[in-house]
1. Please tell me if Ile106 is among the aliphatic types (A, V, I, L, M), part of a strand (DSSP E or B), over 24 Å from Val289 (Cα atoms) and modelled with pLDDT of 95 or more.
2. Out of Arg212, Arg296, which single residue is basic (Lys, Arg), more than 27 Å from Glu364 (Cβ to Cβ) and at pLDDT below 80?
3. Of everything in the stretch 338-358, what is over 19 Å from Gly46 (Cα atoms) and either out of contact with any strand residue (DSSP E or B) (no Cβ under 9 Å at 6 or more places or on another chain) or aromatic (Phe, Trp, Tyr) (or both)? Give them in sequence order.
4. Could you say which residue among Ser11, Ser38, Ser25 is modelled with pLDDT of 80 or more, among the hydroxyl-bearing types (Ser, Thr, Tyr) and over 19 Å from Val303 (Cβ atoms)?
5. Say we look at the stretch 57-89 and pick out the residues that are in a strand (DSSP E or B) and buried (at least 24 other Cβ atoms within 10 Å of the Cβ); which of these is modelled with the lowest pLDDT?
6. Name the pairs whose Cβ atoms lie under 6 Å apart, with the first residue in the stretch 217-229 and at pLDDT 95 or above, the second part of a strand (DSSP E or B) and surrounded by fewer than 20 Cβ atoms within 10 Å (Cβ to Cβ), and 6 or more positions between them or separate chains?
7. Hey, could you check the stretch 175-188 for residues that are out of contact with any His (no Cβ under 7 Å at 6 or more places or on another chain) and buried (at least 16 other Cβ atoms within 10 Å of the Cβ) and say which is farthest from Val72 (Cα to Cα)?
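The values are calculated or read from the model by the stated rules, or taken from the named source; none is laboratory data. What you are looking at is a predicted structure, and each value in this text was computed from that prediction instead of being measured. Positions of Cβ are backbone-derived with ideal geometry, glycine not excepted, and every protein chain shown enters the neighbour counts.
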Amino acid sequence: MNVSRLMRGVSAALVALGLVTGAVSTASAEGFAISTLSARGGAFGGGPASGMVARADDASAVAYNSAGLTQVKGTQIMGGLAAVALNLDLDTEGRWCSNSHQVWPIPHFYLSHQLNDKFWLGAGMFTRWGLGHSYPDGWATESLGMAYPTKGGAGSALKSITMLTSTINPTIAYKLNDVWSVAAGVSYTWGYLSLNNQVYGPMGMGHIGDVRIHSENGRSFGYNLALHAKFNEKWSAGLTYRSHERMKFNGSVRVRGNELGKKLAGVSGLYNSRGKATIVLPDVITLGVAYKPIERLSFEADVAYTVWSRWRNLQVDMLSRNPYPSTKSGISQQKNWRDTWAFSISGEYWMYDWLALRAGFLYETSPLNGEAYHDYYIPTNGRLQASVGFGLKYDAWTLDFAYIHMHEREVNLKAGGTGETVNGKIGNGYDHTFCLTLGYKF
């Protein structure tokens, strides 16, 4: 019986323990980042290059470029919700299935307040990191049998994964003069994970158990710095930096099923236990330049650099007593992602005093560093996004709407790479995102 193949697949489930970081794996940014932070920013392209770095002229600047808060007079509140529907088609050595019909909500809320002519305060609650999808029951059974029909092979397959986080980000902005503004803030992120990994026995034994992981109390702290310049009525620019964060969390591993399933998992060092891990979330640097040729029309071009190379290794340590002393407790996996670039261009036109039309386009490179580091948990390999939206204004109220269509490049998965037990291909990946934000100025 080839236990090692099964153990590589079961161990891969623990990768998710290190990713207690969000709501949707494919919502607006590469890796497991989430960047649908408001409807207006979403209409400008979304993603890390949001089209709001140089504009930054409403309360959502807390998330995009907090130095831009100095353009927001008085007090403003904004809140809303994005809904993301995703699709992925999976082909594993002759067996095809679709990961679709899933809708994930992503809320956001912002508050800004002008203290005087020099100082502004702001606060926001939003989602920066995310991962979540599911596969049909038994999707890998035939593939595993085809892959190892005579070698006694066994394996495991992802059934579902749901990870949620929220970030609270208070900030303060200072207006240096009529051109320059600066800002600084701190952030606190907490997270939750629920995962189900199915285990399949050798020689056509079928489903013999589950490895279920539940993690909560994941938390990290970070900071952000921002600079904004309004050179004149036509030109403005912004520069932001969000620090990397060390997200620490606690969780539990539960092995359920028949005696063979439990024994195979135990031989690999996976057993009912508590666990802990730390993952470094990346720094993000964004630069934006906006141009307003006439009063009602503006354009912005952004570029963002995300330091995904900080995620080089995942170490998960088991805390409970090991009932199998001859095995190593926990896992260590190399990820070796590379840094990514995102580029966007966007436009806004106020057709009437009460109606604005918006559109944007974004391209983002892939963090994956070769097929050896592809897996079923984060099916990401570079993406294109196109978006449209509108804004309505009535008295002190604003209502913004955006639709984002995201297309993902194909991902090839190789057995034995990150613990996967079968070769596979993920294609036809796309998201439909709808976002609505309501605002009010006092």
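1. Spelling it out, it is not the case that Ile106 is among the aliphatic types (A, V, I, L, M), part of a strand (DSSP E or B), over 24 Å from Val289 (Cα atoms) and modelled with pLDDT of 95 or more.
2. Exactly one of Arg212, Arg296 is basic (Lys, Arg), more than 27 Å from Glu364 (Cβ to Cβ) and at pLDDT below 80, namely Arg212.
3. Passing the criteria: Arg338, Trp350, Tyr352, Trp354.
4. Ser38
5. Per the stated criteria, the residue is Leu86.
6. Close Cβ pairs satisfying both conditions: Tyr223/Val186; Leu225/Ala184; Leu225/Tyr241; Leu227/Val182; Leu227/Leu239; Ala229/Trp180; Ala229/Ala237.
7. Top of the filtered list is Ser187.
Condition check ((1) part of a strand (DSSP E or B); (2) crowded, with 17+ Cβ neighbours inside 10 Å; (3) modelled with pLDDT of 90 or more) across all residues:
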{"residue": "Ala359", "(1), (2), (3)": "yes, yes, yes"}
{"residue": "Thr380", "(1), (2), (3)": "no, yes, no"}
{"residue": "Ile404", "(1), (2), (3)": "yes, yes, yes"}
{"residue": "Phe434", "(1), (2), (3)": "yes, yes, yes"}
{"residue": "Tyr440", "(1), (2), (3)": "yes, no, yes"}
